[in-house]
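The numbers here are math on the coordinates, done by the rules we state, and not lab data. Here the structure is a predicted model, which means the values were calculated and not measured. Cβ coordinates were reconstructed from backbone atoms using ideal geometry, including for glycine residues, and neighbour counts include every protein chain displayed.
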Amino acid sequence: MLINRIKARVRHHLAALLVCMVASAMTITTSATTHQSCSKDLGSFTQVLISGIAVDAEVADESAEIRRGLMNRQSLAKDAGMLFIYPKARVLRFWMKNTYIPLDIAFADKKGRIVKIRSMEPESTRMIDSKVPAKYALEMNQGWYKTNGINVGDTIECRSPAS
């Protein structure tokens, strides 16, 4: 009797494990076919591609990181930026309080397609918004998007750690 209960319990746990594995595999397949999710590959950085141009991006995906952004920085490397990742798409709003670097920001939808590019002036408290729902925002040195021929409609893609 005890052995039968143990066997039944083991079968139950194995069935639950199998369901979890199948669900995980479906999630991975689904996300890979739409837009590769951006995540922190090494510490707080990841590499993104925009129209084939590689950018080293510091990732801000937690509320404290998002609030801090690039505040109190004196410089930003040539092909580097900060990628803000939000849990879901919404109209995003940014300001430049305590940010000393002139920046451009590209807002992108949940598929990584750029929907708006705006310029931001150092230390300005004027709100800059995406106008339309966006899930990602990528801040780069001012003029970077224009210099590299990046426009609305181009796509921000995250590179896999193996790339």
Furthest towards positive pole of dipole, ALA77, GLY112, ILE101, structure part segment 45-158, Cβ charges: GLY112
How do the peptides 55-62, 122-129 rank, highest first, by the average count of neighbouring beta carbon atoms within 10 Å per residue? 55-62, 122-129
May I ask what percent, to the nearest 5, of DSSP beta bridges between residues of segment 45-125 are antiparallel? 70 percent
